[in-house]
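The values are calculated or read from the model by the stated rules, or taken from the named source; none is laboratory data. Only a predicted model underlies this, so the values are computations on that prediction, with no experimental measurement involved. As a convention, Cβ positions derive from the backbone with ideal geometry for all residues, glycine included, and neighbour counts pool all protein chains shown.
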Amino acid sequence: MELDTGDRMQPIQDVFPLLQSPKKVFITTHHKPDGDAIGSMLALYHYLTKKGHLVTPVSPSEIPDFLAWMPGTPFVLNYEERPTESVDALTKADLIFCLDFNDFSRTKHMEQALADATQPKILIDHHLFPKPVWDYGVSIPEKSSTCEMVYDFINLCGDNALIDLNMAACLYTGVMTDTGSFKFPITTASVHIMVADLLQRGLDHTRIHEEVYDSWSESRMRFLGYVLIEKMEVFRKYNSALITLSRKDQNLFKSQNGDTEGLVNYPLSISGIRFATLITERSDEVKLSFRSKGDFDVSSFARNYFDGGGHFNASGGRTKTTFIETIAYFKKILSDIHPQ
Ligand code: 5GP
Ligand code: MN
């Protein structure tokens with residue numbers, strides 16, 4: 001099912017004629033990028049560069065350490081660090097690709113610059129409810145990851161043979177991280193067929209898994225232990241669990257950017273827990289991450305109560321109230337809606 005994104009968005013195939021001659025291409029993704037965000041952006045960067053385009057990948061914020069090994073990261077501009085160069089690249093671009101998000105606000109400080117840009121904007125994304133602001137694109141919530149969609153895009157261009165080991169590593173990373181290492185229901189046969197294709201090219205999947213998941217600092221591991229003992233509440237009645245992290249908690253173990261990555265998933269390994277929430281106090285807002293198993297729709301939950309969105313089983317949102325108020329509000333909702 002493709003979602004209605006308004007009359008404006010032309011199918012992605014209509015972009016092909018625009019890519020027949022060398023173009024300046026700007027690619028971006030969402031704030032606080034994850035494996036699928038950076039993986040899809042860099043895979044497309046490698047592919048379009050190979051096709052002779054001049055490509056600038058821009059991340060709205062820093063690339064986390066567990067993704068820094070990915071081929072092409074030195075070419076990525078961090079908007080928060082280099083806003084002038086980033087906006088310059090945006091202004092000069094002929095085409096703008098937006099990957100792994102479907103609402104300009106997900107790029108945070110880049111929102112206005114993107115909204116103001118008049119060049120053709122192209123969406124490749126798998127989140128629910130895209131905003132009707134793209135000229136071309138593809139939006140399929142049933143897809144495992146944006147990386148799978150970039151792989152499809154390359155194939156649709158007839159360029160499967162151009163996929164090299166750099167692209168394969170980027171594509172694999174996004175599929176692996178967005179499918180929970182191939183365990184979520186979204187892991188379709190087409191995902192495994194894609195991975196088989198990448199493996200046949202010599203992809204070193206074990207190394208990638210280790211780079212992403214086995215690259216923790218000792219303090220991150222101890223931080224996890226502390227969080228699970230001290231900061232996790234289990235609500236058996238609601239088949240739910242909650243982890244709350246104040247600024248103070250985050251500083252206790254000198255937590256690095258990325259150290260809270262994946263924390264929200266741990267409670268779901270408790271038998272019977274089907275809904276997990278992480279509430280994190282940040283300097284400018286309170287961030288919430290939601291994960292579920294089965295038929296509790298956390299995308300609607302995030303949209304209805306926390307100004308957010310995402311996928312059916314993985315979503316996020318935010319509040320502008322205090323950390324303490326957010327926790328109280330969340331608990332009130334939990335008892336009101338009574339997730340099963
Ligand atoms: P995370 O919990 O890892 O930050 O996000 C989980 C999923 O929800 C991701 O697919 C992410 O794009 C989406 N998401 C997170 N925060 C927001 C938000 O504030 N708004 C929307 N629309 N989606 C979000
Ligand atoms: Mn994704």
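Structural remarks
Quick grid of which residues meet (1) more than 13 Å from ligand 1 (Cβ to nearest atom); (2) in contact with a Ser or Thr (Cβ under 7 Å, 6 or more places away or on another chain); (3) not acidic (Asp, Glu):
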site	(1), (2), (3)
Gly35	no, yes, yes
Met41	yes, yes, yes
His46	yes, no, yes
Thr49	yes, no, yes
Gly52	yes, no, yes
Val55	yes, yes, yes
Ser59	yes, yes, yes
Ala68	yes, no, yes
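- Residues in region 105-123 that are within 23 Å of Asp297 (Cα to Cα) and touching a residue at least 24 places away in the same chain (Cβ under 8 Å): Arg106 alone.
- Of all residues in region 124-170 being free of Cβ contacts under 8 Å to residues at least 40 places away in the same chain and within 16 Å of ligand 2 (Cβ to nearest atom), the one that is surrounded by the most Cβ atoms within 10 Å (Cβ to Cβ): Asp125
- Residue pairs whose Cβ atoms lie under 8 Å apart, separated by 6 or more positions or on different chains, with the first residue in region 271-299 and not assigned by TED's automatic domain parsing to the domain that holds Glu233 and the second crowded, with 16+ Cβ neighbours inside 10 Å and among the polar types (S, T, N, Q), do not occur.
- Residue within region 233-241 that is β-branched (Val, Ile, Thr) and not assigned by TED's automatic domain parsing to the domain that holds Asn313 present: no
- Contacts under 7 angstrom Cβ, first residue in region 323-335 being among the aliphatic types (A, V, I, L, M), partner part of a helix (DSSP H, G or I) and crowded, with 16+ Cβ neighbours inside 10 Å, 6 or more apart: Ile333/Tyr305; Leu334/Tyr238
- Extreme residue, nearest to ligand 1 (Cβ to nearest atom), among residues of region 322-340 that are part of a loop (DSSP other than H, G, I, E, B) and either at pLDDT below 95 or in contact with a helix residue (DSSP H, G or I) (Cβ under 7 Å, 6 or more places away or on another chain) (or both): Pro339
- Against the criterion of being farther than 21 Å from Gly316 by Cβ and surrounded by 13 or more Cβ atoms within 10 Å (Cβ to Cβ), Thr188 qualifies.
- Test for Asp88: is it under 17 Å from the mean Cα position of the chain (by Cα) and over 18 Å from Ile154 (Cα atoms): no
- Residues (buried (at least 21 other Cβ atoms within 10 Å of the Cβ), part of a helix (DSSP H, G or I) and under 19 Å from the mean Cα position of the chain (by Cα)) located in region 264-303: Val264, Val298, Ser299, Phe301, Ala302
- Residue check, Asp100 buried (at least 23 other Cβ atoms within 10 Å of the Cβ) and acidic (Asp, Glu): yes
- The residues of region 300-310 that are more than 16 Å from ligand 2 (Cβ to nearest atom) and either without any contact (Cβ under 8 Å) to a residue 12 or more places away in the chain or not hydroxyl-bearing (Ser, Thr, Tyr) (or both), listed by number, are Ser300, Phe301, Arg303, Asn304, Phe306, Asp307.
- Qualifying residue in region 212-230 (condition: more than 16 Å from ligand 1 (Cβ to nearest atom), assigned to a loop (DSSP other than H, G, I, E, B), under 30 Å from Ile333 (Cβ atoms) and of a type in the set (Gly, Ala, Ser)): no
- Residue within region 78-101 that is within 15 Å of ligand 1 (Cβ to nearest atom) and polar (S, T, N, Q) present: no
- Selection within region 21-47 - buried (at least 24 other Cβ atoms within 10 Å of the Cβ) and within 13 Å of ligand 2 (Cβ to nearest atom): Thr29, His30, Pro33, Gly35, Asp36, Ala37, Ile38, Gly39, Ser40, Met41, Ala43
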